[in-house]
Amino acid sequence: MTGSTIQNPTDTLDRPLRDLRISVTDRCNFRCGYCMPREIFGKGYQFLRQDQLLSFEEITRLVRLFAGFGVRKLRLTGGEPLLRREITSLIEMLAGVDGIDDIAMTTNASLLTRERTQALLDAGLGRLNISLDALDPAVHARINEVDTPLDAVLDGIDNALGEGFSSVKINMVVQKGINEGEIIPMVERFRHSGAILRFIEFMDVGNHNQWSLDQVFTANEIIRLIDARYPVEPVEANYHGEVARRWRFRDGGGEVGVISSISQPFCRDCSRARLSAIGELYTCLFATAGHDFRDLLRSGASDAQIAQRIDSLWRARDDRYSEERLQGLGRPRQKGGSVKVEMSYIGG
Ligand code: SF4
């Protein structure tokens, strides 16, 4: 299988399998309310044990099989992926997989020291998405419910911008009534910085973030707010299926993006699969059921058997949760019950 691309399977909505997001841990050193509220993920919460996690060899074997189906892009997520020890070793292994030409990571940057940033780059990491929801320390602390100083994140961002990553994006989840007042300060901080600032509509991920539509500050509202101060114009997508809608400052100040899962869903172009840290495959961020691969890996299944499972799961995929949510079909239809997987478990 290695090196040979098998027919790129498409799902029931004719979407190819292109991107694999890999959660390497369910642990995080932040407790952002929209993802991992402290009252649920606080004291006494049972995180995954080390022996439950897929090993780097198991992850790499799966990635090799996914690459056989045409996956080219990987994103390492968590929880907070920098909490997984020796993560640079995994990146080196993944960078050696035939067909994989783009390895990215989503991090809160609080652990992104200069040395670690260089080590990630040397290992083969190409792109960084950094989560930052406010520049006001009080608002920042209110959102992530930990006392990690904001400066640790800002220093991490500076370290990332100082290195040779092909792109550094700053992801801000906008919650009406909590941090929309931070949009312009964030724009002013990151215009001309080389980082691409992306605003994410607050989503009903998982089961505990008390989401409601009236807390959503929509993509159109965000762009109107920015355009009034710093005129912007729309830009073509970099590639088909790009998640963010792109806008650039007319004065050359750089680019911003908006990710509009609520107001303008993009399910029709969704080519993303997600792997949990214990080897369950999820075909949608809002899925209620995953498909176990760890037992296959640990029970001596052949590459062909595992590949067959990937192929049949993807071909049967019909997820379009955000579209259904918008179509107001009440609670979107979900296979296998109504408890959604937690975002901290499979990464955003
Ligand atoms: S809701 Fe599911 S199918 Fe739609 S874009 Fe998000 S992950 Fe893809």
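Numbers at a glance
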| quantity | calculated |
| --- | --- |
| Unit charges at the beta carbon, dipole of the chain: most positive-side option, L90, A289, P185 | A289 |
| Relative contact order of the chain, defined on C-alpha pairs under 8 angstrom at six or more residues apart (%) | 22 percent |
| Within the accessible area of the stretch 19-346 (1.4 Å probe), percent carbon and sulfur | 49 percent |
| Reach of K43 by Cα under 20 Å, taken over aspartates and glutamates that are not fewer than 8 positions away in the same chain | D26, E80, E145, D147, E342 |
| Euclidean distance of C-alpha centroids, the stretch 238-257 and the stretch 139-163, integer Å | 24 Å |
| 0 to 90° range, to nearest 10: angle between helix 150-161 axis and the chain longest Cα axis | 70 degrees |
| Cut-off under 5 Å, modelled amide H: who pairs with I278 long-range | L54 |
| DSSP-loop GluC sites (Glu not before Pro) across the stretch 198-280, with at most 12 other Cβ within 10 angstrom | E236 |
| The stretch 19-346: antiparallel DSSP beta bridges as a percent of all, rounded to 5 | 30 percent |
| Of every Cα-Cα pair in the chain, the percent that sits beyond 40 Å | 8 percent |
| Relative counts (whole %) of C-alpha pair distances in the stretch 140-289, using bins that are 10 Å wide | 10, 34, 39, 17, 1 |
| D251 paired with Q52, simple spin-label distance in nm, labels 7 Å along Cα-to-beta-carbon | 5.1 nm |
| Probe 1.4 Å, protein heavy atoms only - accessible area per residue of the chain in square angstrom | 42 Å² |
| Contour minus Cα-Cα distance for Q210 and D14 (0.36 nm per residue) | 67.2 nm |
| Kirkwood-Stokes translational diffusion coefficient of the stretch 38-99, alpha-carbon pairs, 20 °C, 1.002 mPa s, µm²/s | 160 µm²/s |
| Gained length - E39 relative to A138, 0.36 nm times residue gap less alpha-carbon distance | 33.7 nm |
| ³J(HN,Hα), Karplus 6.51/-1.76/1.60, whole Hz, each residue of the stretch 28-38, x for Gly, Pro | 8, 9, 10, 9, 4, x, 7, 10, 9, x, 4 |
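The values are calculated or read from the model by the stated rules, or taken from the named source; none is laboratory data. Small disclaimer: the values here were computed from a predicted structure and weren't measured. Cβ sites come from the backbone with ideal geometry, for glycine too, and all protein chains shown count toward neighbours. The area values use the complete protein model at the heavy-atom level, side chains included, leaving out ligands, DNA and RNA. Shrake-Rupley method; radii C 1.70, N 1.55, O 1.52, S 1.80 Å.
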